[in-house]
Amino acid sequence: MSRIVLLTHAYDDFRRRKFLLASLARHWMEAGHDVSVAAGLANWPQADIAVMHLDISVVPAAYSDASRRYPVVVNAAATDIRKRRVSRNLVARGDGWTGPVIVKTDLNCRGMPEVHAVDGFRREGKPVDLAPGPIVSTHQPYPVLRCAQDVPESVWNNEGLVVERFLHERDARGYWLRVWVFFGDRERCSRYCGHDPIVKSAHVVAREPAPVPDELRAERERLGFDYGKFDFVVVDGKAVLLDANRTPTAPPSSVEMDASNAQLAGALDALIRKVQ
C-alpha cells in the first residue's frame, strides 16, 4: 500500500467539485492505497507520492518549495499554464497574420479559478497571494474577430488578455476538436465533431479515437506535464495545441469512461516503483 496526497489550493474546494483526479483517486483507494487531500499549505501529511493539483494558472512558489519533502511529485514542473507560456499561436500587432483571431484571457479557464481564489482570500481577510500580473476574467465566450485589425485598442493594451490565431480543423462532417488526456504512461485521445467552429461538449455530434501526434508529446515535455488534458486541432497536417489543463474535470460517467479512468489510474504502478 502506498500513501498518496493530493495537493490542492486553499480555495479549490476539491472535495465538492467534479475533478477527474477524484475519479482516479477512487480507483487508487479501491486498490488499497491510502489517499488524502491537503487544502492549503498547512498540515500536509506524510506520503510516498504527491499530486500537485492547484486549480490556478500559476503554482505559488510556497507550494512548490513545500512539495519537495515528497519523493515523487506529479506535475512538479507544470507550474505555469498561462496562455503566454503555453500558446505558440499568439498574434502581435503588425506581425502579418491576416486570418481570424480569438481574444482570450492570459489566465487559464477564462480566469475564473483566480476569481474564486481571490474571493476566498477576501472572505478570510487575508492578502491575495497569487501570481504577479492582472487577474482578468470573463463569464462570456471568447470573442472571435475577422482579423487582427478588428481587435480593440483596449485589448492590445490589456496585459491580462491575449490574441491568438483562430485555427480550426474541418471536414465534410463539421468542425473537430481533439482531446488528449494522460497520466504518466497511460493516455486516451479522441476527436469530437460539432457544427460550430468552437466545439463544445454539449453540442458534439460524433466522437472517434484519434492518435497522439509527436508534436503534442513534445509540447507535453516542454510544459512539464505528468498529468493533464491537452485540447488541440490538426491543421494542414500539423498539430496545434489550443489549451493545456492540469486540473481537468471529469467527463460524464459511463461504463466506458469508468473503464478508461481505471486504465489511467493504473499509471500509479510505475510511480510506486520509483519509491520502492
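Quick one: net charge of Gly133's neighbours, Cβ under 14 Å, K/R +1, D/E -1? Intermediate values should be presented prior to the final figure.
Values: positive: Arg82, Lys83, Arg84, Arg85; negative: Asp80, Asp106, Glu114, Asp129, Glu159.
That sum, taken over residues with Cβ under 14 Å, equals -1.
To the nearest 10 degrees, how steep is helix 20-30 against the longest Cα principal axis of the chain, on a 0 to 90 scale?
For 20-30 against the chain, the angle is about 20 degrees.
Where does each of Thr79, Thr8, Thr249 land when they are ranked from fewest to most other beta-carbon atoms within 10 angstrom?
Working: Thr79 20, Thr8 24, Thr249 14.
Sorted ascending by nearby Cβ count, the order is Thr249, Thr79, Thr8.
Give me the Å³ per residue figure for the convex hull around the C-alpha atoms of the stretch 4-142. Mind showing how you got there, number by number?
Details: hull volume 20.0 nm³, N = 139.
Enclosed volume per residue, from the Cα hull, is 144 Å³.
Hey, fewest Cβ within 10 Å first, where do Ile135, Ile198 land in order? Before the final figure, lay out each step's value.
Details: Ile135 18, Ile198 14.
Listed from fewest to most nearby Cβ atoms, that is Ile198, Ile135.
What are the extents of the Cα atoms of the stretch 169-255 along their three principal axes, listed from largest to smallest and rounded to whole Å?
Principal-axis extents of the stretch 169-255 (Cα, largest first): 35, 34, 18 Å.
To the nearest 0.05, how large is the calculated FRET efficiency for Arg93 and Asp34 if R₀ is 41 Å and r is the Cβ-Cβ distance?
Values: r = 53 Å, r/R0 = 1.30.
With a Förster radius of 41 Å, E is 0.15.
What is the Cα centroid distance between the stretch 103-172 and the stretch 1-74, reported in whole angstrom?
26 Å
For the chain, with a Gaussian network of springs between Cα atoms less than 10 Å apart, report the residue from Glu30, Glu114, Glu221 with the top mean-square fluctuation.
In this elastic network of the chain, the residue with the biggest mean-square fluctuation among Glu30, Glu114, Glu221 is Glu30.
Give me the percent relative contact order of the stretch 169-255, please, defined on Cα pairs under 8 angstrom at least 6 residues apart.
On the way: 145 pairs, mean separation 22.3, N = 87.
Result for the stretch 169-255 is 26 percent.
Treating cross-link reach as a plain straight distance, find the lysines whose alpha-carbon is under 23 Å from the alpha-carbon of Lys238, omitting any fewer than eight places away in the same chain.
The reachable lysines, counting only those whose Cα sits under 23 Å from Lys238, are Lys83, Lys104, Lys200, Lys229.
Count the net charge of all other residues whose Cβ sits under 10 Å from the Cβ of Ser87, scoring Lys and Arg as +1 and Asp and Glu as -1.
Working: positive: Arg82, Lys83, Arg84, Arg85, Arg88, Lys104, Arg165; negative: Asp106, Glu164, Asp243.
Here the charged neighbours net out to +4.
I need to check one value: relative contact order of the stretch 1-124, counting alpha carbon pairs closer than 8 Å and at least 6 residues apart, in percent.
Numbers: 148 pairs, mean separation 33.2, N = 124.
Relative contact order here is 27 percent.
Return the aspartates and glutamates within reach of Lys274: Cα separation strictly under 15 angstrom, same-chain partners fewer than 8 residues apart disregarded; answer none if there are no such residues.
Straight-distance partners of Lys274: Asp48, Asp185, Asp226.
Out of all DSSP beta bridges with both ends in the chain, state the antiparallel percent to the nearest 5. Could the numbers behind the result be given before it?
Details: 39 of 52 bridges.
In the chain, approximately 75 percent of DSSP beta bridges are antiparallel ones.
What ³J(HN,Hα) values, in whole Hz, does the Karplus curve 6.51 cos²θ - 1.76 cosθ + 1.60 give for the stretch 37-45 when θ = phi - 60°, with x put for Gly and Pro?
So the Karplus estimates, Gly and Pro as x, are 10, 10, 10, x, 9, 8, 6, 6, x Hz.
How many times 2.2 N^0.38 Å is the alpha carbon radius of gyration of the stretch 83-165? Provide the component values of the computation, followed by the final result.
Working: Rg = 14.5 Å, N = 83, 2.2 N^0.38 = 11.8 Å.
It is 1.23.
With a sphere of radius 11 Å drawn around the Cβ of Ala270, what net charge do the other residues whose Cβ falls strictly inside it have (Lys, Arg +1; Asp, Glu -1)?
Charge balance near Ala270 sits at 0.
When ranked by the protection proxy of mean other Cβ atoms within 10 Å per residue, highest first, what sequence do the peptides 161-171, 143-153, 222-232 form? Could the numbers behind the result be given before it?
Values: 161-171: 18.1, 143-153: 13.6, 222-232: 20.2.
Sorting 161-171, 143-153, 222-232 by mean packing, highest first, produces 222-232, 161-171, 143-153.
Every number in this text was worked out from the coordinates using simple rules, so none of it is lab data. These numbers were taken from a predicted model, which means no experiment stands behind them. A quick note on method: Cβ atoms are made from the backbone with ideal geometry, for glycine too, and the neighbour counts reach across all protein chains shown.
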